[in-house]
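K.L.:
First the structure, then my questions, so here it is.
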Amino acid sequence: MPLKLNSIAFALCMAALASCGADSKAPMPPASQDSLQSLGKRLFFSTILDQNGQKSCASCHNPQSGFSSEVSVHAGPNPKLPARNAPSLWHLSFKSAFHWDGGVPSLTQQVLVPLHPMGDFETLPQASVERWNKAHPHETPIDLATLCLALEAFQKSIPVPATPWDTYSKQAQKWNKNAKLAWQEFNQKGCASCHTPPSFTDGKFHNTGLPNLTGDEGRYRITGNPEDRYAFGTPSLRGLNATTPYFHDGRSFALDSAVLIHYRGMHGRELSAESLARIMEVLQSLFVDSTQAQSHIP
Ligand code: HEC
Ligand code: HEC
């Protein structure tokens, strides 16, 4: 059965966005993109949105971990939702649909997934807005649409960090033999067909044959199409040094063993030690300096 939560979130956000235009007494969003962004940043790091005042968005999307989570999965209060790994928010610009199953069509609507009585903040969205306004009595009050748009604006402002690959891919004529062999291996073993440069994702969903540990049916939950059973969105391979653990269920903490089990799942045979070493060189060239994230911490 395709899941209903996303459609509930969708309806709520549409209503919130519509109400923004319809009611002339509704508080206006801050005028400039800049102020929406900075409001979004404050909201992202605030625990006020959480009914219990404990979690912020950053609790699970930690800037020092590529805006991802250090724990394997988060099981929210809704037992019908599969527990999943919190993805990095570095790669949002590569996506046209969000969550591991692509069930959320926009970033504005995604905000209403945690802001839900059965979501991570266990709250009615409007109650979060009221708590925020009450805590900031000297500011222009915000409405729900502004909250959604501000969080979207902040998340869209998170840059994709630069990697060594970005520099040396422009100078292929200068590559040494090892770099050429590594790149060849990455292509020959099929990695680039799904993890396609420069984003290192094809933006699609695939069943890669990983043994199913959590009963999560992936994209099938959204489409009901049997071909989508156990299919998950292809993650970008940029910045893997910062975004452990890996996969939709966070099953791997070590990158080399992640590649080995992934290859085994797809091909039913082992990747040789030599191939692994070459592929690791490519992945390492996509590592990032995660101290770059410091500027995002208020
Ligand atoms: C308790 C942990 C937790 C909190 C708190 C949380 N998230 Fe998430 N977030 C997750 C998990 C887990 C997923 C993956 C859900 C899935 O794929 O079904 C996710 C997915 C996302 C995605 C989709 C990313 C992608 O690449 O598809 C965005 C965007 C996001 N969260 C933003 C936020 C924002 C904004 C907040 C605060 C309003 C927030 N999250 C609060 C755990 C959390
Ligand atoms: C058929 C498409 C496809 C091919 C080919 C493919 N991948 Fe993947 N890759 C995926 C998908 C989909 C996932 C997410 C799977 C999941 O979480 O269940 C993934 C996940 C990963 C991850 C974990 C990243 C993270 O952030 O969680 C790594 C590392 C990875 N792939 C590397 C590789 C390498 C190296 C190769 C070549 C040997 C390769 N992939 C080939 C589709 C593919």
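K.L.:
Quote the relative contact order of the chain in percent (integer), defining contacts as alpha-carbon pairs under 8 Å separated by 6+ residues.
P.N.:
Contact order relative to length: 24 percent.
K.L.:
Remind me, what semi-axes does the chain give for its equivalent ellipsoid, largest first in whole Å, using sqrt of 5 times each Cα gyration tensor eigenvalue?
P.N.:
37, 22, 16
K.L.:
Cα-Cα over 19 Å: which of Lys41/Lys204; Lys95/Lys204; Lys41/Lys156?
P.N.:
Lys41/Lys204
K.L.:
A further question follows. For the stretch 200-298, state which chymotrypsin sites (Phe, Trp or Tyr not before Pro) are in a DSSP loop and have at most 15 other beta carbons lying within 10 Å of their beta carbon.
P.N.:
Phe253
K.L.:
Is there a quick way to get the dipole size of the chain? I mean about its Cα centre, with the Cβ of Lys and Arg at +1 and of Asp and Glu at -1; what is the value in debye to the nearest 20?
P.N.:
420
K.L.:
To continue, here is another question. Which value at 222 nm does the chain reach when only helices count, each DSSP H run of 4 or more adding -39,500 (n - 2.57), with the total divided by all residues and rounded to the nearest 500 deg cm²/dmol?
P.N.:
It comes out at -11000 deg cm²/dmol, rounded to the nearest 500.
K.L.:
Considering amide H positions built from the backbone, and no H for Pro or chain starts, which residues 5 or more places from Ala231, or on another chain, come under 5 Å of its amide H?
P.N.:
So Ala231 has HN proximity to Arg219, Tyr220.
K.L.:
Right, next: Can you tell me the length gained on complete extension of the stretch Asn133 to Leu181, counting 0.36 nm per residue apart and subtracting the Cα distance?
P.N.:
Computed gain between Asn133 and Leu181 is 11.5 nm.
K.L.:
Another question, then. Under 17 Å Cα to Cα from Lys170, which lysines show up? Leave out anything in the same chain fewer than 8 places away.
P.N.:
Qualifying lysines at Cα under 17 Å: Lys180.
Read-outs: derived from the displayed coordinates by stated rules, not from any lab. Model, not experiment: these values are computed from the prediction. When we count neighbours, we look across all protein chains shown, and the Cβ atoms used for this are built from the backbone with ideal geometry, even at glycine.
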